[in-house]
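Trainee: Below you'll find the structure I mean.
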Amino acid sequence: MDTAYEETAADPNLALAKVIALMLQWGLRREDLEHILADAVTVQDLQPRQTLYDQDSPVTTVYLLTTGTLYQDRMSVDSQGRRRVSLRREVHAGQLAGAYDLLYSRRYSTRTRALEVCQLAAIKSAAVEKLLYAFPDLRKRIAPVARMGRLRTIPLLRDLDLTALAYVAEAAVPQHFAQDEAIYTDADAAKRIFVIDRGQVRLTWPDGAAQWLGNGMGFGIVDAPLPNPGASGGAVYGHAAYATTETDVFVWPRRALVGLTNINPEKAEMELRQARQEALAATAPFARFTSDQRRRLIGYMSHYYLPIPHLLMQQGELGESLWILMPHSQAILHALERGQALQPVRIYGPNFFSELALKVEHPLDSTVEAEAGSQWLRLHHGDFRAFLADAGPHLLSRLELGPAEERFLGHNRARRRYGWLGAGENLVIFQRRHIIALLRKASISFVLVGILGLFAVIFLRRASGEPWQIMLLATFGLLAVLQFVWAVLDYLNDYILVTNQRIVHQEKLLFFAEWRQAAFLEQVRNVDVKVTFFGNLLNYGNLRIQTAATAGSIRFDYVPNAHNIRAKILEQQSLRQQHYQASSKMIIQNLLEERLGLRLEMPVRVTAGRAERAQGPDWLRRVRSWLKLDRPSQPFLADHLVWRKHWLILLGKISGPAIILAFILLLVSLQGLLPASVGVLVAALDMGLAFIGLGTMAWLAWNVADWRNDTYEIDNKQIADVAKKPLFFAENRRTALLGEIENIEVRMPSPINFLFNFGDVRLQTAATEGLFTFDWVPNPRAVSEEIRRRIEVYRQQQETTRMRQRAEEMPDWFEIYDRLEGNGDGVQNSGNGRP
């Protein structure tokens, strides 16, 4: 490295102290710093115009500027082979020089000179690398990693390497605007450039024209290109900008942004706007939208640039957004068919995926991985609903979906009959018993019809029409009809249901009893099919699904096409396992990106911060609130929930003492009718009633406390069945982790349970005594679904934790491997995130 600095006799201990003081502010430990930085820090002085280091020389030292000012510039070659300055910046006292180069390129990306007399603390790069190894979070302190993770996805900055992007992130000023707040007016000087972090901005021109912009889109450009992009030269914006929702933006002085990036903001942003309009025009679902409607719709979208391969959609997850692959971009489609992975297919833009999410959230049936350097538009279903509220709900009817999506919507409408299915739970199979089961259930009605026919023949032969005979025939006829109707209803209420998450078996006798059993797909151990002689002839069999629970089998007889259902269950189980495996890979990727400072930040929603507009007049909203018509769809929101037995159980417990107390009150009220001559007896009676009343009240309080102390509890980790006697008597608490639950059953065994909506929820685990029964809880269906939802969340968190534990040491392995294999200078490509 050709340098013109000279070491002086300045105290190196003072320089070391300044370096340590800076790093102590970053949360590092003093003893570690003193050990690693010992003999690694020296003091250096520079005279004006002297060079500290040259561009493209290996990084051997990182500098902390203590006094003075440094000037940095970078020379590059344009497409026509001409050398030009592509970056200019200054370094002031208290800042580091060469740190970004060490992190991202291992070669100095600029030529750095002194503008005045400067003094620096020079830190050997090997010592800084040791600190990075010992303190992985140090990378986030040296560089604005979090902000870089967002700016890396901004299309306007797509051509910057990581070092230049770090400078841009350092210069960015985050700013927040409230809904309907003005950002600038049409007469303001065009001295600042803006990029939307998250939110929405509306641009308006004096002639009435308007344009909406969403996440990742830039503004603050003038309508006519400037001769000097780095200086406004007195030009004004010519349009006004307003935040239409709670909006966060990044702001740069025009001169600073152009100096750091050599970007022409007007030219680059107008090209991006044109590309967005072309991509949306080529998206089939919006073919019936006008060009003005599509221009407005862009303002409800997020625009991303992805510098590295990135998984956008994963099969089995809940699809909530339409993704549009923009022209000149590429992606890889991974699909599964019948549980088998198909050959990955390369997809070219313009293209689109998951358009069904604009109408309904649904499980994704394929995985889409963006390739490095691709650009995407994303329209979240919540933002699409906001667009319809603003532009007109009638536009929903203009949305064009393919035949497969329309079939799914029809299937989803049928799914609404089972409102207890969870979000993202896709109905795969719904199967009732074979028709032979209906014939068996209706056999009594056939017997009654036979008897009816026999009596009819007898009465007709005798040619008699006595009233009792007619009544007898009518009775048998009515009984036959009623029994047949009951058989049909009972047949229709019994089914087995397979989703992409679980298997559900329901047996229900209308208004009399209900039993529902559910098992998670990942808990299924065996799926057995038994077919009898008549089953082979009529194509039905008996299905038995076994889990690890002691009594965990689900049995369903007279199942049509039983072998096909078995195959579907195994297929969904395989898809479920592949989904977990793909999630594990994503966790590893995210950990590595975070450890290396390459994590991408991609805000999902555009209009999430917008205040909801009131629907309807005030009196109607008050009525809806009073009737609780606007209550949230999710009934349980607390982290820790406690259920008790239904109030009818409490009523049964207190009925005895309540009757005794009522009888005592009756006796007391009748005492006034007794003659005065029996006053002594009345006094004795009052004393006895008082003692009995106190004892009865204590009995009543005991029963109420006993009912209240018996609880069924759940949090985000475990369930608990607590049986506790009042005061200081016995308590029995049984607990189980949510991940140990294999099956969930709901029992409502009588008409009273249906009338008052209470029953039993039985939770089976793999333990020998692993049955937990929540007896007589109110709304048992909702209780079971809440338990199921929490089990699903718990298992996902456990899987994530296991993968994180396995992946935590991987970056250390790679760092050590790089050290062992490296050739000394560790030179890497300085491209935007690609090694």
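Trainee: Please work out the average accessible area per residue across region 695-791, using the 1.4 Å probe convention, and give it in Å².
Mentor: With all protein chains present, region 695-791 gives 46 Å² per residue.
Trainee: Can you find, among ALA487, THR499, GLN523, the residue farthest towards the positive end of the dipole of region 472-575? Put +1 on the C-beta of Lys and Arg, -1 on that of Asp and Glu.
Mentor: GLN523
Trainee: Another one. Using the Cα centre of region 139-293 as origin and beta-carbon charges of +1 (Lys, Arg) and -1 (Asp, Glu), tell me which of PRO285, ALA166, TRP205 is placed farthest towards the positive end of the dipole.
Mentor: In region 139-293, that residue is ALA166.
Trainee: Tally up the carbon and sulfur contribution to the accessible surface of region 188-265 as a whole percent, 1.4 Å probe, everything protein left in place.
Mentor: It is 53 percent, rounded to a whole number.
Trainee: Per the 1.4 Å probe, what fraction of the accessible area of region 23-178, in percent, lies on carbon and sulfur atoms?
Mentor: Exposed carbon and sulfur together represent 46 percent of the surface.
Trainee: To make sure I understand the rule: partners must be lysines, Cα under 26 Å from the Cα of LYS124, and not fewer than 8 residues away in the same chain. Which ones qualify?
Mentor: LYS18, LYS140
Trainee: Still on this model: May I have the pair-distance distribution P(r) for region 189-261, computed from all Cα-Cα distances with 10 Å bins from 0 and rounded to whole percent?
Mentor: 20, 49, 29, 2
Trainee: Give me the dipole magnitude in Debye, nearest 20, for region 7-97 about the Cα centre, with unit charges on the beta carbon: positive for Lys and Arg, negative for Asp and Glu.
Mentor: The dipole magnitude comes to about 560 debye.
Trainee: Taking the Cβ-Cβ separation of LEU670 and SER750 as r and a Förster radius of 41 Å, what is the calculated FRET efficiency to the nearest 0.05?
Mentor: Computed FRET efficiency for LEU670 and SER750 comes out at 0.55.
Trainee: While we're looking at this one, here's another question. Once the piece of chain linking ALA391 and GLU181 is laid out straight, how much longer is it, given 0.36 nm per residue of separation minus the C-alpha distance between them?
Mentor: Roughly 73.5 nm would be gained on extension.
Trainee: Also, I was wondering about something else. So for each of 142-153, 558-569 I average, over its residues, the number of other beta carbons within 10 Å; can you give me the resulting order with the highest mean first?
Mentor: Packing order, densest peptide first, comes out as 142-153, 558-569.
Trainee: Do any chymotrypsin sites (Phe, Trp or Tyr not before Pro) in region 21-94 lie in a DSSP loop with no more than 11 other beta carbon atoms within 10 Å, and if so, which?
Mentor: none
Trainee: Here's a follow-up. Gain in length, GLN798 to LYS130, computed as 0.36 nm per residue apart minus the alpha-carbon separation, to one decimal in nm?
Mentor: 237.2 nm
Trainee: Can you bin region 146-247 into rounded, prolate or oblate? Criterion: square roots of the alpha carbon gyration tensor eigenvalues sorted a ≥ b ≥ c, rounded for a/c under 1.5, prolate for a/b above b/c, oblate for the rest.
Mentor: Verdict is oblate for region 146-247.
Trainee: How much length would be gained if the chain were fully extended between ALA189 and ALA281, taking 0.36 nm per residue of separation minus their Cα-Cα distance, in nm to one decimal?
Mentor: 29.7 nm
Trainee: Charges only on Cβ, +1 for Lys and Arg, -1 for Asp and Glu: so what's the dipole of region 165-299 about the Cα centre, in debye to the nearest 20?
Mentor: Computed charge dipole of region 165-299: roughly 280 debye.
Trainee: Per residue, how much accessible area does region 83-135 have with a 1.4 Å probe, in Å²?
Mentor: For region 83-135, the per-residue accessible area is 40 Å².
Trainee: Something else: Can you give the accessible area per residue of region 21-82, in Å², using a 1.4 Å probe?
Mentor: 50 Å²
The values are calculated or read from the model by the stated rules, or taken from the named source; none is laboratory data. On a predicted model such as this, the values are computed, not experimentally measured, just so you know. Cβ sites come from the backbone with ideal geometry, for glycine too, and all protein chains shown count toward neighbours. Quick note on the areas: whole protein, heavy atoms, side chains included, nothing else; ligands and nucleic acids left out. Shrake-Rupley method; radii C 1.70, N 1.55, O 1.52, S 1.80 Å.
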